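J.: First the structure, which I've put down as structure tokens, then a few questions once you've had a look.
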Amino acid sequence: MKSIRRFLVITLLAIVTLANFIAAVRGYLGSMDEAGQLFNQRMMQQVDLLNYTLPGLLEQIRTRQDVLLLPERSMDNGASLEFQWIDNDGQLLARSAAMPPTLVAPLEPGFSFVNFDQYRWHLLITPSADKKTWFILAERDDQRYRLAESMILQAVYPMVLAIPLIGVIIWLVLGIGLKPVSRLAEELRQREATDLHALEQRDMPIELVQLTQSTNDLLRRLSASFAREKRFSADAAHELRTPIAALKIHCDNLLLEQNPPLASALKLQAGVQRMHYLVEQILLLNRTAPDHFMGKFEPTNLTCLIKEMIAEHSEMLEAKHQQIEFEGDDCWVMGDRPALETLFNNLLSNAIKYTLTHGRIAVNTWQRGSKVVLEVMDNGPGIPEGQRERVFDRFYRVDGDRHNSQTPGCGLGLSIVKQVVDLHGACIQLTQSRFERGLLVMVTFAAYVPSAQDMRNRQASQYVRDKSPLEDEASTHE
Amino acid sequence: MIISLLLALSRQISLNHRWILVAMVIGILGSWLLAYYAYAIAEALEGVGQELLNATLYSAVILSAILLSLHVIPLSMSASKRAFSERRPNFFQPALYSMLVITVSCSVAREGSEIWIYVSGFLYDPGALQSAMIGGAIGAGIGMSLGAIAYYLFVFMPKKIFLPFFLVTVTLVVGGLSMQVAKQFMQIGWLESAAPMWDSSFLVSEQSWLGELLYALLGYDASPSMTQGAFYLAAIMPTISGVLWHVLHRRENNND
């Protein structure tokens, strides 16, 4: 069964049609019999009428020497009654205009059929009340049939016409009756993947209560299982921190004790560093996950924050002899400062990591009407267009593990960036760099208009900034 | 009845229902052509065109119904679902659809042409046309309602019961049609109309409502001739032998 509604409409309509039409056929046949009886009765009444009128005229007609012809009077589309009046010798005394001048049947009393004048006729042959003459009453079969049928069909018409109407009504009523099912389906369809709250059972028809209870039971189990799964990665990463820290210390000690250090010990140190980085990234990912995020949104001076972060990365930039340019407007956004730091840190780290020695990096913050655009651009290898959507997937790295950045990475950096962008209702776009090659990352935030208090905070932070190595808005690290 | 049964079969063995549209279009077009050229057909081949065409249409229905039955026999014998799907390789599908289309379109063309002729007879008598239309609507309503109810009854039948039921019904229908083929050949004198084998009209008269229902469903004949009997046996033999072969085959396999 593909559709309950269709099944019910078809079967109910079929049952109603069958019952209705069989009743109609039965009624039709019964009514036709009844109508036949009625017509016969009419013939007998006509005989009574003739008995009252004609025998008195007998002597008068006998003197006339010819047949009395009575005019014909019949209704349109009606069944007219014709008659012949015959004496006991078989001599025709009178007839109606439609009857032939000869006897249409032998004088045998009773009802019978006879064919004349190209039609089939019902006959009633009966002697008159004084037994001196005979009456033959005749009625055309086709007229009688049509008259009876036209009366009976008036009762059958509505039955036939009602069927489509009943079909539409059943369809609509079932639609109303099945509404709770479609409402339940709609509620489930519109839910977010993460919304595992129990379904509302109030006003639910009893037929659906069991289904709703089973669904709620399933949702509860799913929710518990999701929560376990979410906690696991965070707990595992957290628990790994201490042994990794211990490993790191022992590894450093080992290297100090060896002179010159063994190649395997150096590889061990790199592995431990990589593991440490991975665990930190997993924890960061977990902390910025929408359902775990505990941050506090407040007006933040993005330009200021970025300058500080660039200053923090000066060591890494100098190590690779990379050139960084910063230019932009004084931009404010409503955001969580640590999360924004994580976002920019990951973007800048990626740019430094994947740009070659002596490469160029440019960072800009632009105020564009009600939007603030943060740009991080490099002249590294860039990301092929087909892979730009996928780099936000967890553990996805461009070209797998074959890239030659020589830097630790686990493919979580851009996933974290995406999470922070989503948390701030911003959007991120990866395009071709304006350098001859490389990647341009554009993050567009909703701009925040700072109040006087924010400006005072800004001046305070300016004082701190003046003491930092980054001296000008367009500064260069070599 | 036959359409409901075939539709239910295609649902039960998970076939697409679209074939019914193709079959109905072919059937209705065919019936109109048959009705339109009815006079020419009746005059063709020295006046035996109509009978020969009827016999051909009946034979096409019989043949495709027998092939369908032979296809259904192994399905009805295999109890497990795995064997059920294994026994229906993909290359069977087009053949299966063609058999369904042939059965339904030929039946519809044959019966439909009579309806066209009946209706066109009333076109020249507007008074009678109205009552004929109502009668037609009532008849069609009853027919379609019975068909719909039968379809859902068949669809909700467990497969284990439906498939044997299908085989028995189709075999009886095929037998009834084969008697019609024999009747057509006897009417044009190609076959001797020998004395009837029996006369069961005292039990069920062909004119009674039960007789008419049995005629419509199974091609009931109260006094069939020897030739008709032979045709009947020839038509039901392939299915019966198919069933017997499969029963024996399965017993042998079980013994092994």
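The values are calculated or read from the model by the stated rules, or taken from the named source; none is laboratory data. Please read all numbers here as calculations on a predicted model, not as lab measurements. Glycine gets a Cβ as well: all are built from the backbone with ideal geometry, and neighbour counts include every protein chain shown. Protein only, heavy atoms only, side chains kept; ligands, DNA and RNA dropped before computing areas. Shrake-Rupley method; radii C 1.70, N 1.55, O 1.52, S 1.80 Å.
J.: Work through the residues other than A:I282 whose Cβ is under 11 Å from its Cβ and net out their charges, Lys, Arg +1 and Asp, Glu -1.
T.: +1
J.: May I ask for the accessible area buried between chains A and B, both sides summed, probe 1.4 Å, to the nearest 100 Å²?
T.: About 1500 Å² of accessible surface is lost on pairing.
J.: Compare the Cα positions of A:G411, B:I115, B:V174 along the charge dipole of the protein assembly as shown (+1 at Cβ of Lys, Arg; -1 at Cβ of Asp, Glu; about the Cα centre) and return the one farthest towards the positive end.
T.: Positive-most Cα among the choices belongs to A:G411.
J.: Set the Förster distance to 51 Å, then compute FRET efficiency between A:A97 and B:Q207 from the Cβ-Cβ distance, nearest 0.05.
T.: With R0 = 51 Å, the Cβ-Cβ based efficiency is 0.80.
J.: Right, something else. Considering only C-alpha atoms, what is the centroid distance from the range A:140-172 to the range A:235-310, in Å?
T.: 88
J.: Right, next: Is the range A:193-292 rounded, prolate or oblate when judged by the Cα gyration tensor, a ≥ b ≥ c being the square roots of its eigenvalues, rounded requiring a/c under 1.5 and prolate requiring a/b larger than b/c?
T.: prolate
J.: Hey, can you rank A:211-223, A:256-268, B:9-21, B:144-156 by average C-beta count inside 10 Å, highest first?
T.: On the way: A:211-223: 13.5, A:256-268: 10.8, B:9-21: 15.1, B:144-156: 17.4.
Ranking the peptides A:211-223, A:256-268, B:9-21, B:144-156 by packing returns B:144-156, B:9-21, A:211-223, A:256-268.
J.: Next up: Could you give me the ³J(HN,Hα) list for the range A:90-101, computed from phi with Karplus coefficients 6.51, -1.76, 1.60 and θ = phi - 60°, whole Hz, x at Gly and Pro?
T.: x, 8, 6, 9, 8, 7, 7, 4, 7, 8, x, x
J.: Separate question: Provide a whole-number value for the mean count of partner chain Cβ atoms within 10 Å of the Cβ atoms in peptide A:18-30.
T.: Mean inter-chain Cβ contacts per residue within 10 Å come to 3.
J.: OK, next. How big is the protein assembly as shown by the Kirkwood estimate over distinct Cα pairs, in Å?
T.: 37.2
J.: Answer rounded, prolate or oblate for the range A:4-153, using the Cα gyration tensor with square roots of eigenvalues a ≥ b ≥ c: rounded when a/c is under 1.5, else prolate when a/b is larger than b/c, else oblate.
T.: Because a/c hits 1.5 or more and a/b exceeds b/c, the range A:4-153 counts as prolate.
J.: OK, next. Among A:V279, A:L268, A:A227, flag the residue with its Cα farthest along the positive direction of the charge dipole of the range A:193-292, charges on Cβ as +1 for Lys/Arg and -1 for Asp/Glu.
T.: A:L268
J.: Oh, and also: How big is the charge dipole of the range A:193-292 about its Cα centre, in debye rounded to the nearest 20, if each Lys and Arg gets +1 on its Cβ and each Asp and Glu gets -1 on its Cβ?
T.: 360
J.: When the helices in chain A are scored as -39500 (n - 2.57) per DSSP H run of 4 or longer and the sum is shared across all residues, what 222 nm value do you end up with, to the nearest 500 deg cm²/dmol? Intermediate results must be reported in sequence, preceding the final value.
T.: On the way: 11 runs with 244 residues, N = 478.
Here the helix-only value at 222 nm equals -18000 deg cm²/dmol.
J.: Also, quick follow-up: Past 24 Å, Cα to Cα, is the threshold; run A:K230/A:K418; A:K267/A:K320; A:K296/A:K353 against it and keep the listed order.
T.: A:K296/A:K353
J.: While we're looking at this one, here's another question. Rounded to the nearest 10 degrees, what's the angle between the helix A:302-312 long axis and the longest principal axis of chain A, both from Cα atoms, 0 to 90?
T.: Long axis of A:302-312 versus the principal axis of chain A: about 40 degrees.
J.: Let me ask another. Quick query: amide H of A:G380 versus all other amide H atoms, modeled in the peptide plane; which residues come in under 5 Å with a sequence gap of 5 or more or a different chain?
T.: A:L439
J.: Tally Lys and Arg at +1 and Asp and Glu at -1 over the other residues with C-beta under 15 Å from the C-beta of B:A40: what net charge comes out?
T.: With Lys, Arg at +1 and Asp, Glu at -1, the net is -3.
J.: Rounded if a/c is under 1.5, else prolate if a/b is larger than b/c, else oblate: which is chain B, with a ≥ b ≥ c the root eigenvalues of its Cα gyration tensor?
T.: Verdict is prolate for chain B.
J.: Nearest 10 degrees is fine. How inclined is helix A:452-466 to the longest principal axis of chain A, computing both from alpha carbons?
T.: Helix A:452-466 sits roughly 40 degrees off the main axis of chain A.
J.: Quick check: Cα centre of the range B:141-215 to Cα centre of the range B:1-18, how many Å?
T.: Value for the Cα centre distance between the two parts: 19 Å.
J.: Same structure, new question: Taking amide H positions as placed 1.01 Å from N in the peptide plane, with prolines and chain starts having none, which residues 5 or more places from A:G335, or on another chain, fall under 5 Å of its amide H?
T.: Those lying under 5 Å, H to H, from A:G335 are A:E298, A:T300.
J.: What is the set of long-range amide H partners of A:S80 at a cut-off below 5 Å, with H atoms built 1.01 Å from backbone N?
T.: A:R140
J.: For a 27 Å ceiling on Cα separation, which of these pairs sit above it: A:K2/B:K159; A:K179/B:K160; A:K2/A:K179?
T.: A:K179/B:K160
J.: OK, next. Whole number in Å², please: accessible area per residue of the range A:4-153, 1.4 Å probe, ligands, DNA and RNA not counted. Could you put the intermediate results ahead of the total?
T.: Working: 8700 Å² over 150 residues.
Result: 58 Å² of accessible area for each residue.
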